[in-house]
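A.B. asks: Once you've had a glance at the structure underneath, I'll fire off some questions.
None of the figures in this text is laboratory data; all of them are computed from the coordinates on show. On a predicted model such as this, the values are computed, not experimentally measured, just so you know. Cβ placement follows ideal geometry from the backbone for every residue including glycine, while neighbour counts extend to all protein chains displayed.
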Amino acid sequence: MAKMILIADDDPELLRVLTLEFTQAGYEVATASSGAEAVELLRLRHPDFLVVDYQMPDGDGLSVMAKAKSIVGTGLPMIILTAHDSTHLRQKAQRLGARAVFAKPFPPATLLAEIRGALG
């Protein structure tokens, strides 16, 4: 059975590009366009990996990451995406268990390589 990646981002084009990249690599993909939708999918689908945007209309990716830890557990690998990179954000994300912070724009293949490193 294919590993499942949950991508939460309010940019529909980025969701489309990443979904294509990840499905072509053999992963199952679920997408959410808001933090609330991402939390609901975490409860329903229990993904193997979470990719979440830092800034979404209904909250931030850090709160989604914190909820993910309580829903799925501390072993869930996570990456946060941001258009506004900062040392402060990186530190907070790492404390919540993020494997990495990707500043937008980024090459999708680089994100895929990080996911492969975590999931095998």
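A.B. asks: Under unit Cβ charges (Lys, Arg +1; Asp, Glu -1), what dipole magnitude, rounded to 20 debye, does the chain have relative to its Cα centre?
C.D. replies: Using Cβ point charges on Lys, Arg, Asp and Glu, the chain gives about 520 debye.
A.B. asks: By DSSP, what percent of the beta bridges with both residues in the chain are antiparallel, rounded to the nearest 5?
C.D. replies: 10 percent
A.B. asks: Okay, next question. Note down the relative contact order for the chain as a percent, whole number, built from C-alpha pairs under 8 angstrom at least six residues apart.
C.D. replies: 23 percent
A.B. asks: Going by average Cβ density within 10 Å per residue, which order do the peptides 111-119, 50-58 take, highest to lowest?
C.D. replies: 50-58, 111-119
A.B. asks: Would you work out if the range 4-119 is rounded, prolate or oblate? Take a ≥ b ≥ c from the square roots of the eigenvalues of the alpha-carbon gyration tensor; rounded if a/c is under 1.5, else prolate when a/b is larger than b/c, oblate otherwise.
C.D. replies: rounded
A.B. asks: Once label points are set 7 Å from the Cα along Cα→Cβ at both F106 and H88, what is their separation, rounded to one decimal in nm?
C.D. replies: About 2.1 nm separates the two model spin labels.
A.B. asks: Further, regarding this structure: Using θ = phi - 60° and the Karplus form 6.51 cos²θ - 1.76 cosθ + 1.60, what ³J(HN,Hα) does each residue of the range 105-120 get, whole Hz, x for Gly and Pro?
C.D. replies: With coefficients 6.51, -1.76 and 1.60, one gets x, 9, x, x, 5, 5, 5, 4, 4, 5, 5, 4, x, 7, 9, x Hz.
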